[in-house]
Amino acid sequence: MILLLEATVVIGVAGTVALAGRFLDWKGALAGALLGYIYYLGGGRLHFASVLTFLVVGGLATRYRYREKHGEKRGVRTWSNVLANGTVAAGVAGYAAFSQMDRGLGLAMFMGAVSAAFTDTMATELGMLSRRKPVTITSLREAEPGTPGAVTPEGLTYSLVAPVSLTAVIAVLDSGLAGQVHLWLAITVFTGFIGSVLDSVVGALFQSRYRCVACGRAVEVRKHCGVPTQYVGGSRYFNNDTVNLVATLSGALSGYLLGLLLL
(Lines give C-alpha, C1' and ligand atoms only; values in the text may rest on other atoms or scores of the structure.)
Protein backbone atom coordinates (compact mmCIF):
# COMPACT_ATOMS: atom_id res chain seq x y z
CA MET A 1 0.00 0.00 0.00
CA ILE A 2 2.85 2.40 0.82
CA LEU A 3 4.52 1.67 -2.53
CA LEU A 4 1.21 2.26 -4.33
CA LEU A 5 0.76 5.59 -2.57
CA GLU A 6 4.34 6.59 -3.37
CA ALA A 7 3.88 5.58 -7.00
CA THR A 8 0.68 7.62 -7.26
CA VAL A 9 2.34 10.76 -5.88
CA VAL A 10 5.47 10.45 -8.02
CA ILE A 11 3.56 9.59 -11.21
CA GLY A 12 1.11 12.42 -10.56
CA VAL A 13 3.92 14.95 -10.18
CA ALA A 14 5.78 13.63 -13.22
CA GLY A 15 2.61 13.67 -15.33
CA THR A 16 1.77 17.22 -14.29
CA VAL A 17 5.26 18.43 -15.18
CA ALA A 18 5.13 16.58 -18.52
CA LEU A 19 1.81 18.24 -19.37
CA ALA A 20 2.87 21.69 -18.18
CA GLY A 21 6.16 21.48 -20.04
CA ARG A 22 4.41 20.12 -23.16
CA PHE A 23 6.56 17.00 -23.23
CA LEU A 24 3.32 14.99 -23.63
CA ASP A 25 -0.27 15.74 -24.60
CA TRP A 26 -3.02 14.62 -22.21
CA LYS A 27 -3.48 11.24 -23.91
CA GLY A 28 0.27 10.72 -23.86
CA ALA A 29 0.36 11.61 -20.15
CA LEU A 30 -2.46 9.14 -19.46
CA ALA A 31 -0.63 6.38 -21.35
CA GLY A 32 2.57 7.30 -19.51
CA ALA A 33 0.80 7.10 -16.15
CA LEU A 34 -0.54 3.62 -16.96
CA LEU A 35 2.91 2.37 -17.94
CA GLY A 36 4.41 4.22 -14.97
CA TYR A 37 2.40 2.13 -12.51
CA ILE A 38 3.66 -1.04 -14.19
CA TYR A 39 7.27 0.18 -13.99
CA TYR A 40 6.91 1.28 -10.39
CA LEU A 41 4.92 -1.65 -9.00
CA GLY A 42 6.51 -4.29 -11.20
CA GLY A 43 10.12 -3.19 -10.93
CA GLY A 44 10.39 -0.45 -8.32
CA ARG A 45 12.03 2.95 -8.09
CA LEU A 46 14.99 1.98 -10.28
CA HIS A 47 12.77 0.97 -13.20
CA PHE A 48 10.62 4.08 -12.98
CA ALA A 49 13.61 6.40 -12.55
CA SER A 50 15.27 4.91 -15.63
CA VAL A 51 12.25 5.62 -17.81
CA LEU A 52 11.83 9.07 -16.25
CA THR A 53 15.46 9.84 -17.12
CA PHE A 54 14.73 8.84 -20.71
CA LEU A 55 11.63 11.04 -20.78
CA VAL A 56 13.41 14.11 -19.40
CA VAL A 57 16.76 13.86 -21.22
CA GLY A 58 15.20 12.62 -24.45
CA GLY A 59 12.51 15.29 -24.25
CA LEU A 60 15.08 18.05 -23.82
CA ALA A 61 17.08 16.69 -26.76
CA THR A 62 13.91 16.65 -28.86
CA ARG A 63 12.95 20.24 -28.14
CA TYR A 64 16.53 21.56 -28.54
CA ARG A 65 16.51 23.67 -31.73
CA TYR A 66 13.28 21.91 -32.69
CA ARG A 67 12.22 24.28 -35.44
CA GLU A 68 15.63 24.08 -37.07
CA LYS A 69 15.47 20.28 -37.07
CA HIS A 70 11.84 19.72 -37.95
CA GLY A 71 10.83 22.88 -39.78
CA GLU A 72 7.75 23.67 -37.68
CA LYS A 73 6.80 24.73 -34.18
CA ARG A 74 7.51 22.30 -31.39
CA GLY A 75 5.10 19.41 -31.07
CA VAL A 76 4.34 17.11 -28.15
CA ARG A 77 4.61 13.36 -27.89
CA THR A 78 1.36 11.44 -28.17
CA TRP A 79 -0.03 8.25 -26.63
CA SER A 80 1.06 6.16 -29.62
CA ASN A 81 4.66 7.30 -29.24
CA VAL A 82 4.57 6.60 -25.50
CA LEU A 83 3.26 3.08 -26.04
CA ALA A 84 5.66 2.39 -28.92
CA ASN A 85 8.67 3.27 -26.77
CA GLY A 86 7.44 1.93 -23.44
CA THR A 87 5.25 -1.13 -23.95
CA VAL A 88 8.07 -3.68 -24.24
CA ALA A 89 9.77 -2.37 -21.09
CA ALA A 90 6.45 -2.49 -19.23
CA GLY A 91 5.84 -6.05 -20.40
CA VAL A 92 9.28 -7.10 -19.17
CA ALA A 93 8.78 -5.41 -15.78
CA GLY A 94 5.36 -7.00 -15.33
CA TYR A 95 6.49 -10.47 -16.38
CA ALA A 96 9.62 -10.38 -14.23
CA ALA A 97 7.57 -9.37 -11.19
CA PHE A 98 5.20 -12.33 -11.42
CA SER A 99 7.59 -15.02 -12.64
CA GLN A 100 10.65 -16.82 -11.35
CA MET A 101 12.98 -14.85 -13.63
CA ASP A 102 16.33 -13.92 -12.15
CA ARG A 103 16.27 -10.27 -11.07
CA GLY A 104 19.48 -9.39 -12.86
CA LEU A 105 18.31 -10.97 -16.09
CA GLY A 106 14.96 -9.21 -15.91
CA LEU A 107 16.68 -5.89 -15.27
CA ALA A 108 19.02 -6.50 -18.23
CA MET A 109 15.99 -7.01 -20.50
CA PHE A 110 14.26 -3.94 -19.09
CA MET A 111 17.33 -1.74 -19.46
CA GLY A 112 17.83 -3.12 -22.95
CA ALA A 113 14.37 -2.00 -24.03
CA VAL A 114 14.76 1.44 -22.45
CA SER A 115 18.28 1.91 -23.77
CA ALA A 116 17.19 1.05 -27.32
CA ALA A 117 14.49 3.74 -27.28
CA PHE A 118 16.67 6.26 -25.42
CA THR A 119 19.73 5.73 -27.65
CA ASP A 120 17.72 6.05 -30.84
CA THR A 121 16.09 9.26 -29.61
CA MET A 122 19.44 10.88 -28.82
CA ALA A 123 20.98 9.73 -32.11
CA THR A 124 18.05 11.04 -34.12
CA GLU A 125 17.41 14.35 -32.40
CA LEU A 126 21.03 15.46 -32.03
CA GLY A 127 22.26 13.80 -35.20
CA MET A 128 19.85 15.96 -37.21
CA LEU A 129 21.97 18.97 -36.24
CA SER A 130 25.00 17.59 -38.07
CA ARG A 131 26.49 19.93 -40.68
CA ARG A 132 27.19 17.03 -42.99
CA LYS A 133 24.46 15.17 -44.83
CA PRO A 134 23.31 11.89 -43.27
CA VAL A 135 23.66 8.61 -45.14
CA THR A 136 21.10 5.83 -45.44
CA ILE A 137 22.34 2.98 -43.28
CA THR A 138 21.49 0.27 -45.81
CA SER A 139 23.19 1.86 -48.83
CA LEU A 140 25.57 4.47 -47.33
CA ARG A 141 24.26 6.97 -49.88
CA GLU A 142 23.61 10.56 -48.87
CA ALA A 143 20.05 11.32 -47.81
CA GLU A 144 18.02 14.30 -46.69
CA PRO A 145 17.80 15.02 -42.96
CA GLY A 146 14.61 13.48 -41.62
CA THR A 147 14.71 10.50 -43.97
CA PRO A 148 13.92 7.20 -42.18
CA GLY A 149 17.08 5.12 -41.82
CA ALA A 150 19.46 8.08 -42.28
CA VAL A 151 22.37 8.27 -39.79
CA THR A 152 25.31 10.54 -38.97
CA PRO A 153 28.57 9.98 -37.05
CA GLU A 154 27.56 12.78 -34.70
CA GLY A 155 24.27 11.03 -33.96
CA LEU A 156 26.06 7.81 -33.09
CA THR A 157 28.41 9.73 -30.78
CA TYR A 158 25.67 11.68 -29.00
CA SER A 159 23.67 8.48 -28.54
CA LEU A 160 26.16 7.41 -25.85
CA VAL A 161 24.46 9.89 -23.53
CA ALA A 162 21.66 7.33 -23.15
CA PRO A 163 23.56 4.30 -21.79
CA VAL A 164 25.77 6.50 -19.62
CA SER A 165 22.68 8.12 -18.09
CA LEU A 166 21.00 4.77 -17.43
CA THR A 167 24.15 3.33 -15.88
CA ALA A 168 24.40 6.36 -13.60
CA VAL A 169 20.81 5.79 -12.44
CA ILE A 170 21.64 2.16 -11.64
CA ALA A 171 24.76 3.15 -9.68
CA VAL A 172 22.91 5.80 -7.65
CA LEU A 173 19.72 3.91 -6.85
CA ASP A 174 20.97 0.35 -6.33
CA SER A 175 24.06 0.01 -4.13
CA GLY A 176 24.02 -3.74 -4.71
CA LEU A 177 24.62 -3.23 -8.42
CA ALA A 178 27.05 -0.32 -8.10
CA GLY A 179 29.98 -2.74 -7.99
CA GLN A 180 28.91 -4.11 -11.37
CA VAL A 181 28.65 -0.71 -13.03
CA HIS A 182 31.05 -1.75 -15.80
CA LEU A 183 28.81 -4.69 -16.70
CA TRP A 184 25.69 -2.52 -16.79
CA LEU A 185 27.46 0.06 -18.93
CA ALA A 186 28.35 -2.72 -21.37
CA ILE A 187 24.75 -3.99 -21.37
CA THR A 188 23.18 -0.57 -21.95
CA VAL A 189 25.72 0.42 -24.62
CA PHE A 190 25.31 -2.87 -26.49
CA THR A 191 21.52 -3.01 -26.33
CA GLY A 192 21.21 0.67 -27.20
CA PHE A 193 23.46 0.21 -30.21
CA ILE A 194 21.58 -2.88 -31.42
CA GLY A 195 18.21 -1.20 -31.00
CA SER A 196 19.27 2.04 -32.65
CA VAL A 197 20.92 0.33 -35.62
CA LEU A 198 17.96 -2.00 -36.13
CA ASP A 199 15.63 1.01 -35.92
CA SER A 200 17.58 2.64 -38.75
CA VAL A 201 17.73 -0.52 -40.87
CA VAL A 202 14.03 -1.30 -40.50
CA GLY A 203 13.19 2.35 -41.05
CA ALA A 204 15.22 2.48 -44.26
CA LEU A 205 13.69 -0.73 -45.62
CA PHE A 206 10.04 -0.51 -44.59
CA GLN A 207 9.00 2.75 -42.93
CA SER A 208 6.57 5.03 -44.72
CA ARG A 209 8.17 8.20 -46.10
CA TYR A 210 6.52 11.52 -46.83
CA ARG A 211 7.36 14.97 -48.15
CA CYS A 212 5.86 18.19 -46.85
CA VAL A 213 4.07 20.02 -49.68
CA ALA A 214 4.51 23.33 -47.84
CA CYS A 215 8.22 23.38 -46.93
CA GLY A 216 9.53 20.51 -49.07
CA ARG A 217 11.18 18.61 -46.20
CA ALA A 218 11.50 14.84 -46.05
CA VAL A 219 9.39 13.81 -43.03
CA GLU A 220 8.00 10.71 -41.29
CA VAL A 221 4.50 12.02 -40.59
CA ARG A 222 1.27 12.39 -42.53
CA LYS A 223 0.85 16.04 -41.57
CA HIS A 224 3.49 18.78 -41.49
CA CYS A 225 3.31 22.59 -41.46
CA GLY A 226 -0.38 22.16 -40.75
CA VAL A 227 -1.16 20.40 -44.06
CA PRO A 228 -1.28 16.74 -45.24
CA THR A 229 2.04 15.48 -46.59
CA GLN A 230 2.72 13.65 -49.85
CA TYR A 231 3.42 9.91 -49.62
CA VAL A 232 6.66 9.02 -51.42
CA GLY A 233 7.50 5.44 -50.43
CA GLY A 234 7.74 2.63 -47.89
CA SER A 235 4.84 0.78 -46.30
CA ARG A 236 1.89 2.97 -45.39
CA TYR A 237 1.27 0.68 -42.41
CA PHE A 238 4.82 0.76 -41.07
CA ASN A 239 5.28 4.12 -39.37
CA ASN A 240 7.80 5.45 -36.86
CA ASP A 241 5.90 4.01 -33.90
CA THR A 242 6.03 0.53 -35.42
CA VAL A 243 9.77 0.86 -35.97
CA ASN A 244 10.26 2.00 -32.37
CA LEU A 245 8.35 -1.03 -31.11
CA VAL A 246 10.60 -3.36 -33.11
CA ALA A 247 13.71 -1.57 -31.84
CA THR A 248 12.72 -1.83 -28.16
CA LEU A 249 11.90 -5.52 -28.60
CA SER A 250 15.36 -6.09 -30.08
CA GLY A 251 16.86 -4.20 -27.13
CA ALA A 252 15.08 -6.44 -24.63
CA LEU A 253 16.13 -9.63 -26.45
CA SER A 254 19.76 -8.54 -26.78
CA GLY A 255 19.69 -7.57 -23.09
CA TYR A 256 18.53 -11.09 -22.27
CA LEU A 257 21.35 -12.68 -24.27
CA LEU A 258 24.03 -10.39 -22.87
CA GLY A 259 22.65 -10.84 -19.37
CA LEU A 260 23.10 -14.60 -19.71
CA LEU A 261 26.76 -14.05 -20.60
CA LEU A 262 27.69 -11.36 -18.09
CA LEU A 263 25.49 -11.70 -15.02
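Brief remarks follow.
- Some residue of the range 153-161 being open to solvent by 10 Å² or more (accessible area, probe 1.4 Å), modelled with pLDDT under 95, over 14 Å from the mean Cα position of the chain (by Cα) and of a type in the set (Asp, Glu): yes
- The range 98-142 - residue that is open to solvent by 40 Å² or more (accessible area, probe 1.4 Å) and part of a helix (DSSP H, G or I) and, of those, nearest to PHE54 (Cα to Cα): THR124
- Residues that are in a helix (DSSP H, G or I), more than 19 Å from ALA96 (Cβ to Cβ) and open to solvent by 40 Å² or more (accessible area, probe 1.4 Å), drawn from the range 17-51: VAL17, LEU19, ALA20, TRP26, LYS27, LEU30
- Of all residues in the range 64-80, those being open to solvent by 20 Å² or more (accessible area, probe 1.4 Å), in contact (Cβ under 8 Å) with a residue 12 or more places away in the chain and in a helix (DSSP H, G or I) number 4.
- Evaluated against (1) under 19 Å from the mean Cα position of the chain (by Cα); (2) within 22 Å of MET122 (Cα to Cα), GLY71 falls short on exactly one condition, (1).
- Search result, residues across the range 204-238 that are within 22 Å of the chain's Cα centre (by Cα), open to solvent by 60 Å² or more (accessible area, probe 1.4 Å) and not basic (Lys, Arg): LEU205, PHE206, GLU220, VAL221, TYR237
- Residue within the range 241-253 that is outside any helix (DSSP H, G or I) and either open to solvent by less than 40 Å² (accessible area, probe 1.4 Å) or of a type in the set (Lys, Arg) (or both) present: no
The values are calculated or read from the model by the stated rules, or taken from the named source; none is laboratory data. Nothing here was measured: the structure is a model prediction, and the numbers come from that model. FYI the Cβ positions are ideal-geometry reconstructions off the backbone, even for glycines, and counts take in every protein chain you see. The area values use the complete protein model at the heavy-atom level, side chains included, leaving out ligands, DNA and RNA. Shrake-Rupley method; radii C 1.70, N 1.55, O 1.52, S 1.80 Å.
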